[in-house]
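Participant: There's a structure below that I have some questions on.
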Amino acid sequence: MRIRTTVAAVSGGLVLSALAVPAAQADGGGLHKPTAAERFGDSRAAMSAAADVELPVVSNVTVNGGKSIVFGTTGVKTFAVSLTASHSAGIQDAYIDLWHGKDLAHHDGVFAPNEQNATCTAVSATTSNCKLTITVDVGRELYMNTLAGTWHVTAAAIAADEAGSDYWNDFYSTHRVQRLSKLTVNAAPEPVKKGKTITVTGKLTRANWETRKYAGYTAQPVKLQFRKKDSNTYTTVKTIKTNNRGDLKTTVKATVDGFFRWSFAGTSTTPAVNAAGDFVDVK
């Protein structure tokens, strides 16, 4: 049985309890996250509240290798989560999920692990590294664009002692979930005579989880960059903003052969992206 526990403040201490993960989360998705009543319905809460109970110590919680989790409009993506936990009796199990919302009573997304139990590898008699995976079905679980941004990370660990001492924190850390971005570029005319005007266009779009299409990302600063034919380094020529359709358009003077590209730095909801360079032959 997969175990969930939780933390609550009681007279300056911690109360922790355990229960099985609901079916809605056991399949790796769904919106249900247990209520306080559900989480505190186990007899172990009283034991864990005792001042002399040793609780596991959790550290090194890692989601997707520390990188933002980026989703397009459709498909299924699996990523790894892990933590390190320690207790004098060793570690029995661990748990990690991601959830979105301002608090537990007002959440609108949950990414739960695939496994019933974590794979915990002991590195000493007291410490284990525990791993899980999470699979997200974009079409089912990312149903509105406001889900992009900061998600909470829940981390838990269960000791291998007789009491089953456990630690749970629904607000252990945060992680970014983002809407995939795309960026195009076209420099024309090509070839072009030296000193003549080049028009560089492009479009910045990002995944819309509500329409399942890509739509223009408006009013965003995007850099026009250039690298010479024999160089590996792009330099910024100018910065302009996308229009109300996500379009980009500007002009520059032709000087030497090279590549033009647009470069977007990204936002909290949308990752950075560079367009592939478009070569211009200057005669």
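The values are calculated or read from the model by the stated rules, or taken from the named source; none is laboratory data. Computed from a prediction, not measured in an experiment: that's the story for all the values here. Virtual Cβ from ideal backbone geometry, glycine too; neighbours counted across all protein chains shown. Note: areas computed on protein heavy atoms with side chains; ligands, DNA, RNA excluded. Shrake-Rupley method; radii C 1.70, N 1.55, O 1.52, S 1.80 Å.
Participant: Whether any residue in region 120-136 is within 21 Å of G66 (Cβ to Cβ), touching a Leu at 6+ places or on another chain (Cβ under 6 Å) and of a type in the set (A, V, I, L, M, F, W, C) is what I want to check.
Facilitator: Yes; the residues of region 120-136 include at least one that is within 21 Å of G66 (Cβ to Cβ), touching a Leu at 6+ places or on another chain (Cβ under 6 Å) and of a type in the set (A, V, I, L, M, F, W, C).
Participant: State which residue is surrounded by the most Cβ atoms within 10 Å (Cβ to Cβ) when the search covers only region 135-166 and only residues that are over 13 Å from W99 (Cβ atoms) and polar (S, T, N, Q).
Facilitator: The qualifying residue surrounded by the most Cβ atoms within 10 Å (Cβ to Cβ) is S165.
Participant: On the basis of being among the small types (G, A, S), surrounded by 15 or more Cβ atoms within 10 Å (Cβ to Cβ), over 14 Å from D278 (Cβ atoms) and in contact (Cβ under 8 Å) with a residue 24 or more places away in the chain, does G246 make the cut?
Facilitator: yes
Participant: Same structure, new question: Using the structure shown, decide if F260 is open to solvent by less than 70 Å² (accessible area, probe 1.4 Å) and either part of a loop (DSSP other than H, G, I, E, B) or under 30 Å from F71 (Cβ atoms) (or both).
Facilitator: Answer is yes for this residue.
Participant: Which one of these is touching a Gly at 6+ places or on another chain (Cβ under 6 Å) and under 19 Å from T62 (Cβ atoms): T154, T135, T150, T119? Steps first, answer last, please.
Facilitator: Working: T154 fails: touching a Gly at 6+ places or on another chain (Cβ under 6 Å); T150 fails: touching a Gly at 6+ places or on another chain (Cβ under 6 Å); T119 fails: touching a Gly at 6+ places or on another chain (Cβ under 6 Å).
Selected residue: T135, the only one of T154, T135, T150, T119 that is touching a Gly at 6+ places or on another chain (Cβ under 6 Å) and under 19 Å from T62 (Cβ atoms).
Participant: Follow-up. Restricting to region 135-148, what's the tally of residues that are polar (S, T, N, Q) and either in contact with a strand residue (DSSP E or B) (Cβ under 7 Å, 6 or more places away or on another chain) or in a strand (DSSP E or B) (or both)?
Facilitator: 2
Participant: I need the full set of residues from region 91-103 which are within 17 Å of S173 (Cβ to Cβ) and over 19 Å from the mean Cα position of the chain (by Cα), in order please.
Facilitator: Correct list: A94 only.
Participant: Here are V237, V282: which of them is surrounded by fewer than 16 Cβ atoms within 10 Å (Cβ to Cβ) and touching a strand residue (DSSP E or B) at 6+ places or on another chain (Cβ under 9 Å)?
Facilitator: Just a single option satisfies the conditions, and that option is V237.
Participant: Hey, can you tell me all the residues within region 264-283 that are small (G, A, S) and without any contact (Cβ under 8 Å) to a residue 60 or more places away in the chain?
Facilitator: A265
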